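Q: Dropping a structure here in structure tokens format, bear with me for questions.
The values are calculated or read from the model by the stated rules, or taken from the named source; none is laboratory data. Nothing here was measured: the structure is a model prediction, and the numbers come from that model. Cβ atoms come from the backbone with ideal geometry, glycine included; neighbour counts cover every protein chain shown.
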């Protein structure tokens, strides 16, 4: 694979093309404005997240494999172009339904760009620089997450909610023009055939199961989610059969015979499930309970992502001295502590305490993400780097999608219980908020303790 003579420059271009996706946290701070603009009930705003995330989650592994076969730069560039179209469509949409259609297009672009972003970054360096490239990539992702709420708050105050989409169009177009400075990545799997049937079954499996998590009972009761789950399980069975029969599978299923590999991926889903509460519920706390303006609320929310940048940097510095598994476990412990501390927030909690808690939780997330990405990348062959990078983003995304629905449902349940008990609306909001974060922290802590039954996960890979 050709290496760049100026790998740092190439890495910056990859970062520029990657950052519009994590800048999507600007949409989280815009959720109250979008809810008001289209007169939506609060639970319906989750479709802003689900339409986008479900799309790119379903396509991520497929596009990662295409990158392995046809070159990471080509797929990355196509993703930038489609992303520009998606951002434009969302910004110009006159109705909530059309916003959601734009989010789907945006999801396709994100899947194309993100699936090959980590592999493209790694390809710029020799193998010894892998962890450094992954650390930078995680830091860029966190930087986007940090800047998103801050920029989003300022943009909303000046131009309204549509600006959180429009401002990313020139960024992806600039990255597209500069991407030609990156050497064309070798087509490491070019002699292999693309497993189209496996890709179709994978998309059917992922989309139906993720959509089942997002669908409320509706007029058909539990029938629609049940049908989706059954269809997804059938597609999964077909996918497994296809992958065992084809000589050139989309992903090598033998990897999942390694229990440690399964555990670390499951914990990635759990960490991101619990941590997503910060993005989906904290913005409402900052507006309703803390009484902050959008710009100030965005600045406070950005502290969590700043912590993630710090955690990613620490992971890159410590990776050669501390076992990767121990870094991942430390990240989980910090997340459990941070989310538990969020559950103790009240309407009078000082802003500096909010910031310290979010910083703690963010550092834990950064530590875990880099350590987990290094673990997975080292577990797969070099020819499957696109699949490896996609898998790390996929588990994060599954956590987000299930978290968006699960945490919203948990909040609604606890708030309804408080209202039924006679609490006023502000008190009921706090009861739902506090109970949801306490449950998320407790569940993640319990899973972490359960994972210690496989100590090799946390003691492996120096």
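Q: Keeping to the stretch 209-261, report how many residues are modelled with pLDDT under 80, under 22 Å from residue 405 (Cα atoms) and surrounded by 12 or more Cβ atoms within 10 Å (Cβ to Cβ).
A: The total comes to 11.
Q: Ok, one more. Inspect the stretch 29-39 for any residue being free of Cβ contacts under 8 Å to residues at least 12 places away in the same chain, in the same structural domain as residue 415 (by TED's automatic domain parsing) and assigned to a helix (DSSP H, G or I) and give the result as yes or no. It would help to see each step written out before you state the result.
A: If we filter the stretch 29-39 for residues that are free of Cβ contacts under 8 Å to residues at least 12 places away in the same chain, which is where we start, we get 35-36, 39.
Restricting the remaining residues to those that are in the same structural domain as residue 415 (by TED's automatic domain parsing) gives 35-36, 39.
From the residues that got through so far, the ones that are assigned to a helix (DSSP H, G or I) too are 35-36.
Yes - at least one qualifying residue is present in the stretch 29-39.
Q: Separate question: State whether one or more residues within the stretch 158-170 are at pLDDT below 75, surrounded by fewer than 17 Cβ atoms within 10 Å (Cβ to Cβ) and closer than 27 Å to residue 7 by Cα.
A: Restricting attention to the stretch 158-170, the residues satisfying the condition of being at pLDDT below 75 are none.
No, the stretch 158-170 contains no residue that is at pLDDT below 75, surrounded by fewer than 17 Cβ atoms within 10 Å (Cβ to Cβ) and closer than 27 Å to residue 7 by Cα.
Q: Let me ask something else about it. Out of (1) over 21 Å from the mean Cα position of the chain (by Cα); (2) surrounded by fewer than 22 Cβ atoms within 10 Å (Cβ to Cβ); (3) in a helix (DSSP H, G or I), the odd one out for residue 432 is which?
A: Evaluating residue 432 over (1) over 21 Å from the mean Cα position of the chain (by Cα); (2) surrounded by fewer than 22 Cβ atoms within 10 Å (Cβ to Cβ); (3) in a helix (DSSP H, G or I) leaves (2) as the failure.
Q: Are there any pairs with C-beta distances below 6 angstrom linking a residue in the stretch 3-18 that is more than 10 Å from residue 182 (Cβ to Cβ) to a residue that is modelled with pLDDT of 75 or more and assigned to a helix (DSSP H, G or I), with the two at least 6 apart or on different chains, and if so which?
A: Final answer for the pair search is 15/140; 16/175; 18/117; 18/140.
Q: Separate question: Would you confirm whether or not the stretch 113-120 contains a residue that is over 30 Å from residue 68 (Cα atoms), touching a helix residue (DSSP H, G or I) at 6+ places or on another chain (Cβ under 7 Å) and crowded, with 17+ Cβ neighbours inside 10 Å?
A: First, pick out the residues of the stretch 113-120 that are over 30 Å from residue 68 (Cα atoms): none.
So far as the stretch 113-120 goes, no, none of its residues is over 30 Å from residue 68 (Cα atoms), touching a helix residue (DSSP H, G or I) at 6+ places or on another chain (Cβ under 7 Å) and crowded, with 17+ Cβ neighbours inside 10 Å.
Q: Sticking with this one: The conditions are (1) without any contact (Cβ under 8 Å) to a residue 60 or more places away in the chain; (2) surrounded by fewer than 18 Cβ atoms within 10 Å (Cβ to Cβ), and residue 378 fails exactly one of them. Which is it?
A: (1)
Q: Given the options 406, 362, name the one that is surrounded by fewer than 24 Cβ atoms within 10 Å (Cβ to Cβ), within 27 Å of residue 51 (Cα to Cα) and in contact (Cβ under 8 Å) with a residue 24 or more places away in the chain.
A: Numbers: 362 fails: surrounded by fewer than 24 Cβ atoms within 10 Å (Cβ to Cβ).
Just one listed residue meets the conditions, 406.
Q: Might you check whether a residue that is assigned by TED's automatic domain parsing to the domain that holds residue 136 and assigned to a loop (DSSP other than H, G, I, E, B) occurs anywhere in the stretch 371-394?
A: Here is the first cut: in the stretch 371-394, the residues assigned by TED's automatic domain parsing to the domain that holds residue 136 are 371-394.
Add one more test, that the residue is assigned to a loop (DSSP other than H, G, I, E, B), and what stays is 380-381.
Taking every residue of the stretch 371-394 in turn, at least one turns out to be assigned by TED's automatic domain parsing to the domain that holds residue 136 and assigned to a loop (DSSP other than H, G, I, E, B).
Q: When you go through 87, 125, 76 one by one, which is the residue that is in the same structural domain as residue 374 (by TED's automatic domain parsing) and not in a helix (DSSP H, G or I)?
A: Details: 87 fails: not in a helix (DSSP H, G or I); 76 fails: not in a helix (DSSP H, G or I).
On inspection, the qualifying residue turns out to be 125.
Q: Working carefully through the options 265, 335, 272, find the one that is under 19 Å from residue 435 (Cβ atoms) and either buried (at least 20 other Cβ atoms within 10 Å of the Cβ) or within 21 Å of the chain's Cα centre (by Cα) (or both). Give the steps one after another, and end with the answer.
A: Values: 265 fails: under 19 Å from residue 435 (Cβ atoms); 272 fails: under 19 Å from residue 435 (Cβ atoms).
Of 265, 335, 272, the one residue that is under 19 Å from residue 435 (Cβ atoms) and either buried (at least 20 other Cβ atoms within 10 Å of the Cβ) or within 21 Å of the chain's Cα centre (by Cα) (or both) is 335.
Q: Condition (residue is at pLDDT 85 or above and closer than 22 Å to residue 260 by Cα) applied to the stretch 350-365: is it met by at least one residue? Can you show your working first?
A: First pass over the stretch 350-365, keeping only residues at pLDDT 85 or above: 350-365.
Filter once more, so that each one left must be closer than 22 Å to residue 260 by Cα: 364-365.
Yes; the residues of the stretch 350-365 include at least one that is at pLDDT 85 or above and closer than 22 Å to residue 260 by Cα.
Q: Consider residue 368 carefully, then state whether it is over 28 Å from residue 151 (Cα atoms), in a helix (DSSP H, G or I), touching a helix residue (DSSP H, G or I) at 6+ places or on another chain (Cβ under 8 Å) and assigned by TED's automatic domain parsing to the domain that holds residue 65. Break it down stepwise before answering.
A: Details: over 28 Å from residue 151 (Cα atoms): no; in a helix (DSSP H, G or I): yes; touching a helix residue (DSSP H, G or I) at 6+ places or on another chain (Cβ under 8 Å): yes; assigned by TED's automatic domain parsing to the domain that holds residue 65: yes.
When the stated conditions are applied, residue 368 does not pass them.
Q: Only one of 105, 112, 101, 120 is more than 20 Å from residue 76 (Cα to Cα) and either assigned to a helix (DSSP H, G or I) or at pLDDT below 80 (or both); which? Walk me through how you get there before you give the answer.
A: Working: 105 fails: more than 20 Å from residue 76 (Cα to Cα); 112 fails: more than 20 Å from residue 76 (Cα to Cα); 120 fails: more than 20 Å from residue 76 (Cα to Cα).
Of the residues listed, the single one that is more than 20 Å from residue 76 (Cα to Cα) and either assigned to a helix (DSSP H, G or I) or at pLDDT below 80 (or both) is 101.
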